[in-house]
Amino acid sequence: MTLLRIDRLSMDVQGLPILREVSLGVDAGRILGVIGESGSGKSMTALSVMQLLPSGARCSGRITLAGQEVLTLSETALCKMRGRDVGMVFQEPMTALNPLKTIGAQVAETILIHERVSRGEAMQRAAEALARAELPQDRFPMSRYPHELSGGQRQRVVIAMAIALRPRLLIADEPTTALDVTTQAEILKLLKRLVAEDGMACMLISHDLAVVADMADDIVIMRDGEVVENGPADRLLTDLQHPYSKALLAASSHVPDRDAEPREASLLSVRDVVRDYATPRTGLWGRAGTFRAVNGVSFDIRRGESLGLVGESGCGKSTLTRAILGLEEVQAGTIELNGQPVFTGHRPNRAVRRHMQVVFQDPYGSFNPRHRVGRLVSEPFHLLDDAPQGTARSDAIAQALESVGLSADDGRKFIHEFSGGQRQRIAIARALIIRPELIILDEAVSALDVQVRAQILDLLAELGDSLGLTYLFISHDLSVVRSITDRVLVMQAGQIVEQGVTQDVFDAPRHTYTQQLVRAAPRLTVAPERITR
């Protein structure tokens, strides 16, 4: 039975067309995957079902949920529908949750808004919803706050809120984008189980074709506010017709061309590094304990090499990165670049630090939105004793921007004037401007659409070949690490548990944890001829 039917839905916001005659349907007990790049209209299509639209939005066409015409409902009726008939799981759980409320209170709030029950009963049902989301009360008390949970656990709280009233339709908007592969697999498995148990219909929105291929019964592919292709998942993925669909599939498995061979000489040497953090006292008279985030880590990066570092959230990747960059001092071990220590005494070695740069996951969050791009790109000049001034400074900024495929005129703009992929190019330009030898990329492409991700990986490969750069790729996306790195390190609980040539490690993992990561990673199993046909 078709639970949700969208028929020829069009939408404009203050005269700007957003959706153009979108038609799709979701059956009870089935999962519909909605795929498309940023700006394709997939999220706006989902939000139109709940009528959570921006000011000035106008819709035409029909949206029918369980026989009820959504576009004709009053705001009062819509408020009753949201949460009760339609639940929604958002991409970023930390922004979807109230940091000042306990997780139990937030799940119970959904119940109290829609049903006349006592607070005690609402809390009991909240506990049941959290347990169904695999957060049992004996291990995760409802008195906890969101900041006390990991990213995957916070997403489970959001799912518990969405299913607390057992809605007929569940909308999951990029629910696993920021999660590591094993947590992502667990969340997707949970969503699939809940759909089967409750007989819900589910709209799974994603830009990751591999994620949707593993989950969806049916697939809709959107571009520029239109549906370009749709059908059963098993048929669609083996018989793509539209050029855009084929381009998405090709980008999902894209491998950049890399010509330069790494040299034997070591650029970065990490030896027996240990990093501890103090933990709170256990009682009034108890002593503070310690938590070992990095435990005896050793490795080398050769000049011109691309090294991958993978592992789940909390394994110590970010702590190790900060230590390499000289942002956190280690308790034991040494870190050297070109044979020079990253720390001299208890202070970072400025002469070494200028030869390393970093590109972060969120390019918008890593820039000051009040400054123009030219100033943002030139920020690393503060590491130089004799930074260029005047015309030389302008020329350096223009050269950095042009090296990443932008123009010198872009230096006069603000960061909000660019797309996500362009912002990441600006972040790379900032990293390049002082000609570092080592660039650390911390989840630098995880939030990008697959085609933009492929473009950025091609750019990094081209820059690595032409400038002789050395890369340290930190990522939870194994497909990215597989495509761009020469060797890979696998990190668990602060230790390197496996390392070797990337292809060898992923094709024949020896350590149990590596095997678990590889199994959890979504992958497309479509014949190559289907991509180029």
Charge-dipole axis of the chain as Lys and Arg at +1 and Asp and Glu at -1 on Cβ define it, positive-most pick from Val358, Phe291, Thr182
Phe291
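Taking the number of other C-beta atoms within 10 Å as the exposure measure, put Thr64, Thr183, Thr344 in order starting with the fewest.
With the sparsest Cβ surroundings first, the list reads Thr344, Thr64, Thr183.
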What distance in nm lies between label points placed 7 Å from Cα along the C-beta direction at Ala493 and Arg5?
5.5
Derived scalar couplings ³J(HN,Hα) [region 123-137; Karplus, 6.51 cos²θ - 1.76 cosθ + 1.60; whole Hz; x for Gly, Pro]
5, 5, 5, 5, 4, 5, 5, 5, 5, 5, 8, 6, 10, x, 5
Across region 297-313, in residue order, what do the Karplus-derived ³J(HN,Hα) couplings come to in whole Hz, using 6.51 cos²θ - 1.76 cosθ + 1.60 with θ = phi - 60° and x for Gly and Pro?
7, 9, 5, 10, 10, 7, 4, x, 8, 10, 10, x, 10, 10, x, 6, 4
Distance from region 141-196 to region 431-448 (C-alpha centre basis), Å
31
Linear extension gain, Lys101 paired with Ser23, 0.36 nm per residue minus alpha-carbon span:
24.2 nm
Using the count of nearby Cβ atoms within 10 Å as a rough guide to exposure, how do Leu236, Leu24 rank from fewest to most?
Leu24, Leu236
Computed from the beta carbon distance with a Förster radius of 25 Å, FRET efficiency for Thr334 and Leu384 to the nearest 0.05 stands at 0.50
Any idea what the dipole of region 93-166 comes to, in debye rounded to 20, about its Cα centre with Lys/Arg Cβ at +1 and Asp/Glu Cβ at -1?
60
Under 5 Å from the placed amide H of Leu489, counting only residues 5+ away or on other chains, we find Gly308, Leu309, Val310
Once you have a ≥ b ≥ c as the square roots of the Cα gyration tensor eigenvalues for region 147-247, tell me rounded if a/c is under 1.5, and otherwise prolate or oblate according to whether a/b is larger than b/c.
prolate
Final fewest-first order of Tyr471, Tyr364 on the 10 Å Cβ neighbour count is Tyr364, Tyr471
If you line up the long axis of helix 450-467 against the longest principal axis of the chain, both from Cα atoms, how many degrees apart are they, to the nearest 10?
10
What nm distance separates the two modelled labels at Asp504 and His371, each placed 7 Å from Cα along Cα→Cβ?
4.4
Once you have a ≥ b ≥ c as the square roots of the Cα gyration tensor eigenvalues for region 172-212, tell me rounded if a/c is under 1.5, and otherwise prolate or oblate according to whether a/b is larger than b/c.
oblate
Report, in degrees rounded to the nearest 10, the 0 to 90 angle that the Cα long axis of helix 103-114 makes with the longest principal axis of the chain.
30
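Any idea what the dipole of the chain comes to, in debye rounded to 20, about its Cα centre with Lys/Arg Cβ at +1 and Asp/Glu Cβ at -1?
Charge dipole, the chain, about its Cα centre: 1340 debye, nearest 20.
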Sites Ser38 and Arg287, calculated FRET efficiency, Cβ-Cβ separation with R0 56 Å, nearest 0.05:
0.65
Any chance you could give the angle, 0 to 90 degrees and rounded to 10, that helix 390-403 forms with the longest Cα principal axis of the chain?
60
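In percent, how large is the relative contact order of the chain, given Cα pairs closer than 8 Å and 6 or more residues apart?
Normalised by residue count, the contact order of the chain is 16 percent.
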In Hz, Karplus ³J(HN,Hα) per residue of region 331-337 (6.51, -1.76, 1.60; θ = phi - 60°; x = Gly, Pro)
7, 8, x, 10, 10, 10, 10
Leaving out same-chain residues fewer than 8 places away, which lysines sit with a Cα under 26 Å from that of Lys101?
Lys80
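Bear in mind these aren't lab numbers, they're just calculated from the coordinates by the rules spelled out. In this text the structure is predicted, and so the values were computed from the model without any measurement. Here Cβ is always computed from backbone atoms with ideal geometry, including for glycine, and neighbour counts include all displayed protein chains.
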